[in-house]
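The values are calculated or read from the model by the stated rules, or taken from the named source; none is laboratory data. Values in this document were obtained by computation on a predicted structure and should not be read as measured data. Using ideal geometry, Cβ is built from the backbone for each residue, glycine included, and neighbour counts are taken over all protein chains shown.
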Amino acid sequence: MDVLKRFSNRFKASLPAYLLLLPSLVFLALFTYGAMGRVLVDALYQRATPKAPVRFVGLDNISAVLADPAFTGAVVNNLVYAVGTAIPSIGLALLFALALARTNAVSSALRAALFLPVLIPMVAASALFMFIFLPNVGLLDYYIGRLLPVLPNWLGDPDVALYAIMIITIWKNAGYYMLFFLAGLQAVPEDVMEAAHLDGAGPYRRLRHIILPELKPTFLFVIVIATLNAVTQVDHVFVMTQGGPSNSTNLVLFYIYQQAVEHYDVGKASAATLLTLAALMGLTALSFRTMANREGGP
Amino acid sequence: MKLFDRLFRDAPLATRGEITPKLGILLTVLLAIVWLIPFLWMIVATLRPASDGINAMAELMPSLKPTLDNVRDAWEIGDFPRYTLNTTFICAGILLVQFVTITLAGFAFARLNFVGKTPIFYLFLMQLMLVPVLLIVPNLSLVAQLGLYDTLTGVMMPFFASAFGTFLMRQAFEAIPTELEDAALIDGASLLQRIRHIYVPLSMPSFSAFAIISVTSHWNDFLWPLMVINSPDKRPLTVGLSVFTKTAEGTQAWGTIAAGTLMVIAPLLVTFLIFQKRFISSFVTSGIK
């Protein structure tokens, strides 16, 4: 009785907090956790035709997705896309941050210039790059094409198109990641830097032994965001290539969209979503401590 | 070299002679110019008369006979005022609801002790990774079940709770000295009154930082509204622009596309250029929206 009473007292004391959290929890329950539950259930069912009743098919959707060359192709593309956008944009971001770490009028202007692409919608960036990559009359061919013996068809050649798409992502994200490195560089102690160059350490050694170790948490954080972006930021594929030519720019989220909206195959779309979520949960587990620390712990 | 001297004015004396940092700056300047080229082209192409022909379309030198024809065409072909209104409505609606949800939840995490605080904290934290765009398929069916398919409310709903905003407000509220609240407590102020009259007014910088992140990210949302919205007159700017681009691409009207793109991004760019410092510091706190 006593235990029960103590428990109900503690619950009563917690009630105001629950009421304050309720609005947020309702929407989290509906659109995040409920949605995950629905994905799990939907992935187990299938309709023979869009109008037919659903029937339980177990893991059939999962195996159908895994056997679909369009899906495995999209996964491979997405891995190439993730690595090929994360490494150059993070490398450039670090360069920009190191070069612009000192605040003055010139560096503020350069920071703003490099940050502009972050602000604009991916759809607008796509509209601009559609012309940049346009064969023969486009910006790239007009200026650089004269230097090349054979002009690649940037968006039309299955071997090139994914790389063209990657360029847009790098252009759009490098300035964003730069901000985190700029913030991280503030934490590098000035007196240690000074001591290092008094000891005769050149710029490379100061970078290697002082700056980079100090930036380790920033790197971890930016890598997580870059990976998330590689999965979620696919608007340019919709606008520019529709996954083509011959599926060479098909990415996982676009595949999911195609299954759900173009083929009305909710079972397969849910199975693909489930696999993507599982992969991201793995990443979450890896980065959870970093994120929890960043948000100040529970 | 005068410029370099000025840039390194506050660098330690011994490092001013080093070459590598200067090469880094030079490379960054070159890349910053490359980074701006798409914007430069957009402006030049917007002002270029159609009579210059398709072969001069890529020329970055501005035309000597600038015209606003492209802007007029884009204005007439695309329904941009309507799209802008829809996007504004979506962003404002999301933001207003978010302000309420994140203030209440942020306060609970900052100032109250309750059973299950740690698991609930992690429930919020997980949402940072489970970005709504990944859950488009189940959320579309939910929105349809709620009868909100093809409505702007349906576009807004998945974003009403924000873990990022909750954490931001928690941080802001924690920094407010409890003495202020104690004084109000003695005066008999209720919980909601204390939040409304003490915590909220003292946390305006965090609200504005959150507003910047929320509005820019939802101004730019594309995939989700594309799936929820069916009627042309309910399209937000991004969806409208993609449809407009498809149409104009068929006729090779690149000047019109440039003008349309300019109209879509101009509001954000102008606001950014005015409040540059604020934008940048807000984005630093964002990380994951």
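Summary table
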quantity	calculated
Condition check for B:Ile186: of a type in the set (A, V, I, L, M) and either modelled with pLDDT of 90 or more or in contact with a Pro (Cβ under 6 Å, 6 or more places away or on another chain) (or both)	no
Complete set of residues in the range A:203-220 that are of a type in the set (D, E, K, R) and more than 26 Å from B:Thr285 (Cβ to Cβ)	A:Arg205, A:Arg206, A:Arg208
Selection within the range A:36-59 - within 29 Å of the chain's Cα centre (by Cα) and over 14 Å from B:Leu123 (Cα atoms)	A:Gly37, A:Arg38, A:Val39, A:Leu40, A:Val41, A:Asp42, A:Ala43, A:Leu44, A:Leu59
Selected residue (criterion: farthest from B:Ala58 (Cα to Cα)) from residues of the range A:145-160 that are surrounded by 14 or more Cβ atoms within 10 Å (Cβ to Cβ) and among the hydrophobic types (A, V, I, L, M, F, W, C)	A:Val160
Residues being within 23 Å of B:Leu148 (Cα to Cα) and facing chain B (nearest Cβ under 7 Å) - total across the range A:1-35	8
Filter pass, B:Leu269 being in the same structural domain as B:Thr101 (by TED's automatic domain parsing), surrounded by fewer than 17 Cβ atoms within 10 Å (Cβ to Cβ), among the hydrophobic types (A, V, I, L, M, F, W, C) and assigned to a helix (DSSP H, G or I)	yes
Enumeration of residues in the range A:250-266 that are over 18 Å from B:Phe222 (Cα atoms) and more than 9 Å from chain B (Cβ to nearest Cβ)	A:His263, A:Tyr264, A:Asp265
Filter result for the condition that a residue is surrounded by 19 or more Cβ atoms within 10 Å (Cβ to Cβ), at the interface with chain A (Cβ under 8 Å from one of its Cβ atoms) and assigned to a helix (DSSP H, G or I), over B:Ile37, B:Ile102	B:Ile102
Any helices (runs of 4 or more DSSP H) falling wholly within the range A:1-104 and containing at least 3 residues that are in contact (Cβ under 8 Å) with a residue 24 or more places away in the chain and either over 30 Å from B:Thr20 (Cβ atoms) or among the aromatic types (Phe, Trp, Tyr) (or both)	A:34-42, A:60-67, A:69-99
Residue check, B:Ala45 of a type in the set (Gly, Ala, Ser), in a helix (DSSP H, G or I), closer than 16 Å to A:Leu139 by Cβ and at pLDDT 80 or above	yes
Residue match in the range B:196-211 (condition: crowded, with 20+ Cβ neighbours inside 10 Å, without any contact (Cβ under 8 Å) to a residue 60 or more places away in the chain, more than 11 Å from every other protein chain (Cβ to nearest Cβ) and over 19 Å from B:Ala45 (Cβ atoms))	yes
Qualifying residue in the range B:232-251 (condition: in contact (Cβ under 8 Å) with a residue 60 or more places away in the chain, touching a Lys or Arg at 6+ places or on another chain (Cβ under 7 Å) and surrounded by 22 or more Cβ atoms within 10 Å (Cβ to Cβ))	no
Checking B:Glu18 against (1) at pLDDT 80 or above; (2) at the interface with another protein chain (Cβ under 7 Å from one of its Cβ atoms), the condition it does not meet	(1)
Helices (runs of 4 or more DSSP H) lying entirely in the range B:108-158 (those with 3 or more residues that are within 7 Å of another protein chain (Cβ to nearest Cβ) and free of Cβ contacts under 8 Å to residues at least 12 places away in the same chain)	B:117-129, B:136-145
Check on B:Leu95, more than 23 Å from B:Arg194 (Cα to Cα) and among the hydrophobic types (A, V, I, L, M, F, W, C)	no
Criterion violated by A:Pro135 - all others in (1) more than 7 Å from every other protein chain (Cβ to nearest Cβ); (2) surrounded by 20 or more Cβ atoms within 10 Å (Cβ to Cβ); (3) without any contact (Cβ under 8 Å) to a residue 40 or more places away in the chain satisfied	(2)
Those residues of the range B:159-170 which are touching a residue at least 40 places away in the same chain (Cβ under 8 Å) and assigned to a helix (DSSP H, G or I), in sequence order	B:Phe159, B:Phe164, B:Gly165, B:Thr166, B:Phe167, B:Leu168, B:Met169, B:Arg170
Scope the range A:138-167; condition within 14 Å of chain B (Cβ to nearest Cβ), farther than 20 Å from A:Ser246 by Cα and of a type in the set (Val, Ile, Thr); matching residues	A:Ile144
